[in-house]
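Engineer: The structure that follows is given in the form of structure tokens.
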Amino acid sequence: MLVILLMLVNVPVYAEDEEVYTLKKGKVYEFKFRANLKSSDVVNIGFSDYVLYGYSNLTDYDSISSYGFYGTGTSRTFVSVFTMFVYNCSDSDVTMVITDGVITNYYEYDSPFSFVMYDASEEYFKITNTTDTSIKYRELQYNEYDGTITYRSSSETLKSGGSALYFGKGLLLLPVKTGNVQYNVTLEGVYEVNNYIRKGFFRVPPWILETDLGVIIRALLEQLSMLLPVGLVILSVFLLISLIRYIVRSYL
């Protein structure tokens with residue numbers, strides 16, 4: 001059982017005249033772009049690892065709807081001024097490289113979200129909303145075969161007092177606070193809470209458990225078919241030597 005509670009600190013940072021930025025793990029960034037007196041401008045951005053990001057002039061950095069994409073790069077055409085929100089949800093610092101676009105300023109925030117990583121392989125994982133209002137959150141699916149994460153851009157809603165059950169392995173992106181509303185939830189099962197995705201939480205099974213049993217059997221049969229003739233030759237030689245020794249001893 002756990003109650004999530006976090007205080008947020010907003011740290012304004014003024015833009016540098018550079019094209020490379022280092023995004024700290026678990027931090028949220030708000031970038032302001034402007035056009036260069038053209039009919040339209042293009043911004044091209046690449047990230048060294050997966051991040052959550054989105055564009056908006058209407059929502060705030062602590063709104064779930066501000067983060068509609070999960071990836072390592074983006075390109076966008078705009079005509080005036082727009083805002084980009086980036087959440088470094090990776091478990092290490094991420095480099096952000098801008099090849100086109102002009103940043104006027106940006107801000108760095110503590111994460112207004114919590115990542116709940118759960119492993120419900122053997123028993124269910126349960127989340128219950130103990131707040132007096134509904135909570136909008138997002139679900140991420142973890143693929144244990146290739147380690148990839150699938151992000152659902154659409155939000156889920158958990159009503160006050162309501163619960164949801166999950167099975168398998170996955171993550172939930174939960175808001176901690178919006179405005180004056182502090183969200184509280186209780187969690188049951190095998191889980192970990194952090195402000196970034198700790199990939200080490202999803203333990204990789206031993207090699208033997210990841211291998212197809214049929215592949216192992218076929219490999220053993222192939223080796224056996226190669227070793228069987230050799231074994232028969234060795235056995236025949238051994239029996240021949242034993243027979244000769246027996247005959248020699250019989251006549252001596």
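One line per residue, one yes/no per condition, for (1) over 19 Å from the mean Cα position of the chain (by Cα); (2) of a type in the set (Phe, Trp, Tyr); (3) assigned to a strand (DSSP E or B):
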site: Leu52; (1), (2), (3): no, no, yes
site: Asp60; (1), (2), (3): yes, no, no
site: Gly71; (1), (2), (3): no, no, yes
site: Tyr107; (1), (2), (3): yes, yes, yes
site: Glu122; (1), (2), (3): yes, no, yes
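Engineer: Across the stretch 160-200, what is the number of residues that are among the hydroxyl-bearing types (Ser, Thr, Tyr) and within 15 Å of the chain's Cα centre (by Cα)? Show your work before the answer.
Structural biologist: Of the residues in the stretch 160-200, the ones among the hydroxyl-bearing types (Ser, Thr, Tyr) are 160, 163, 166, 178, 183, 186, 191, 196.
From the residues that got through so far, the ones that are within 15 Å of the chain's Cα centre (by Cα) too are 191, 196.
So the count comes out to 2.
Bear in mind that the values in this text are calculations on the coordinates, not laboratory data. Since this is a predicted model, take the numbers as computed values, not measurements.
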